[in-house]
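Here is the structure we will look at, set down as structure tokens.
The values are calculated or read from the model by the stated rules, or taken from the named source; none is laboratory data. None of these values were measured; they are calculated from a predicted model. Ideal geometry is used to build each Cβ from the backbone, glycine not excepted, and the neighbour counts take in all protein chains shown. What goes into the accessible areas is simple: the full protein's heavy atoms, side chains included, and nothing from ligands, DNA or RNA. Shrake-Rupley method; radii C 1.70, N 1.55, O 1.52, S 1.80 Å.
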Amino acid sequence: MAMAARSAGAAARPTLPVMRTVADLRRTVAAWRAAGQTVGLVPTMGALHAGHLALVRRAQADCDRTIVTLFVNPTQFGAGEDFAAYPRDEAEDRAKLATVGADLLYAPGVTEIYPDGFATTVTVASLTDGLCGPVRPGHFSGVATVVTKLLLQSLPDAAYFGEKDYQQLLVIRRLARDLDIPVRIEGVPTVRDADGLALSSRNRYLSAGERAAAVALPTILRQVAERLTDPTRAVADETARARDALLQAGFTRIDYVEVCDAETLEPLAHVTRPARILAAAWLGSTRLIDNMPVGRA
Ligand code: PAF
């Protein structure tokens with residue numbers, strides 16, 4: 001039904017409706033529900049690229065209606081991070097969404113999400129103990145809180161997140177399960193440039209030289225992932241080699257290169273079960289993250 005409606009409208013796509021308030025969003029979703037339609041949600045902070053559009057296409061394939069949210073969430077940025085500089089261009093984002101034909105853009109202002117006196121925080125323990133957790137204190141609570149709100153505001157059947165932010169994906173899956181939010185959390189594979197660099201809104205910060213060096217991140221992670229399919233190889237040796245290689249390639253600082261259980265994110269010494277290699281490293285003032293499966297994950 002979703003596909004039929006979309007292809008019929010492909011010749012002349014209606015303008016993408018934009019809503020700013022929870023009340024308008026809820027009214028629209030209620031009307032869709034009353035018509036027996038299913039709803040997919042794609043939360044974003046804007047600065048959309050082909051990775052986001054892949055999430056929208058996946059939501060459209062699964063659901064009758066697709067909502068994209070656009071909210072640069074202040075609570076997930078730490079002091080000294082790029083909240084003020086984060087790219088914001090709603091007109092450009094709307095133009096990109098018009099190419100895929102989402103049904104609704106929900107772009108609330110800060111006070112719609114965090115009204116005066118807002119005092120509640122969602123924190124997911126354990127999964128946030130390692131990787132980006134310690135280096136970005138408060139980040140995952142900010143993400144978990146805003147995503148919980150977006151899920152409860154729109155009550156979709158499914159919500160779509162990129163595997164590029166793998167730790168975030170697991171955190172969101174856990175919060176939905178722990179808080180009994182009736183939604184499927186779907187992970188969508190990372191979209192990469194032709195040379196392998198994972199698409200990210202932050203790639204636009206890279207200079208030409210940094211962009212050329214950035215490809216070392218997926219290349220090295222892929223090599224290590226391949227080597228670690230041999231369970232006799234020690235993770236510590238391989239990740240130490242990966243860190244050296246990243247520095248050689250021009251990365252200026254490394255937050256982590258780790259191999260973890262693909263579900264719990266527990267660090268592994270040898271890969272004897274489904275695992276993921278995850279890394280965060282800096283090129284000048286730009287922090288890049290990436291991850292990929294090791295073996296069967
Ligand atoms: O991945 C993102 O863009 C953000 O962390 C999210 C999930 C939209 C929450 O602000």
Between R241, R233, R273, which is open to solvent by 10 Å² or more (accessible area, probe 1.4 Å), within 23 Å of D195 (Cα to Cα) and not in a strand (DSSP E or B)? R241
Out of (1) surrounded by 19 or more Cβ atoms within 10 Å (Cβ to Cβ); (2) of a type in the set (V, I, T); (3) away from the ligand (no atom under 16 Å from the Cβ), what's the single condition that is false for V56? (3)
Checking the conditions here, which among E263, E210, E258 is among the acidic types (D, E), modelled with pLDDT of 95 or more and assigned to a helix (DSSP H, G or I)? E210
Quick check on segment 176-191. Is at least one of its residues polar (S, T, N, Q) and farther than 30 Å from C63 by Cα? no
State whether one or more residues within segment 51-72 are in a loop (DSSP other than H, G, I, E, B) and of a type in the set (G, A, S). no
Residues that are free of Cβ contacts under 8 Å to residues at least 60 places away in the same chain, more than 29 Å from I254 (Cβ to Cβ) and away from the ligand (no atom under 13 Å from the Cβ): find the helices (runs of 4 or more DSSP H) completely inside segment 90-173 holding 1 or more of those. 90-100, 110-113, 139-154
Being under 19 Å from the mean Cα position of the chain (by Cα) and modelled with pLDDT under 95: is that true of A279 here? no
